Amino acid sequence: MSEPRTAMDVRPGYRGRAFTSDLSGQEFWLVVDKGFQPLGLVMGNCIYSMGAIRNWLAGIKSHFQGELKEYSQLMYQARELALSRMQFEADQLGADGVIGVDIQVQYLHNGEWMEVTAIGTAVRWVGSGPNMPPTGQGRVVIPVGQ
């Protein structure tokens, strides 16, 4: 099929020139001012089953104090997988990083499944801004003469 003529002709995998972003207008300007080019919205997602046995184990442990380590481990694993998938999408765009990342966690199927979604804007350093790229260390400047 040739180029789509209407939105109804578009199929999955279509790559146009425009992109989406979750940045505000001011954030977009600041990114460009620092020499970065926003490339597009990237997302990573996974749905983890916490399993009936884990629910049974949590039910027993709920009568005692302390962390439910099994659930904590599942949450870390699910978050890491979602972030890795988001990073893969950014790599596919040729990005140097992802900014404005938002991580959402939802529970589905009567709380037996956990869905983790990571969304951000992929950016690439192009060096066109008047400022230097970040050095990896933050700095806070507080004026003392006021």
Can you work out ³J(HN,Hα) from phi for every residue in the stretch 92-99, in order, using Karplus 6.51 cos²θ - 1.76 cosθ + 1.60 and θ = phi - 60°, giving whole Hz and x for Gly and Pro?
5, 8, x, 7, 9, x, 10, 10
Calculate one ³J(HN,Hα) per residue across the stretch 66-81 by plugging θ = phi - 60° into the Karplus curve 6.51 cos²θ - 1.76 cosθ + 1.60, and present them in order as whole Hz with x for glycine and proline.
x, 6, 8, 4, 4, 5, 4, 5, 4, 5, 4, 5, 5, 5, 4, 5
Here, Gln104 and Leu68, labelled 7 Å along Cα→Cβ, have an inter-label distance in nm of 2.3 nm
Using modelled backbone amide H atoms (1.01 Å from N, in-plane), which distant-in-sequence or interchain residues come within less than 5 Å of Gln37's amide H?
Arg124, Trp125, Val126
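None of the figures in this text is laboratory data; all of them are computed from the coordinates on show. Bear in mind that the values here come from a model prediction, so they are computed numbers and not experimental data. Here Cβ is always computed from backbone atoms with ideal geometry, including for glycine, and neighbour counts include all displayed protein chains.
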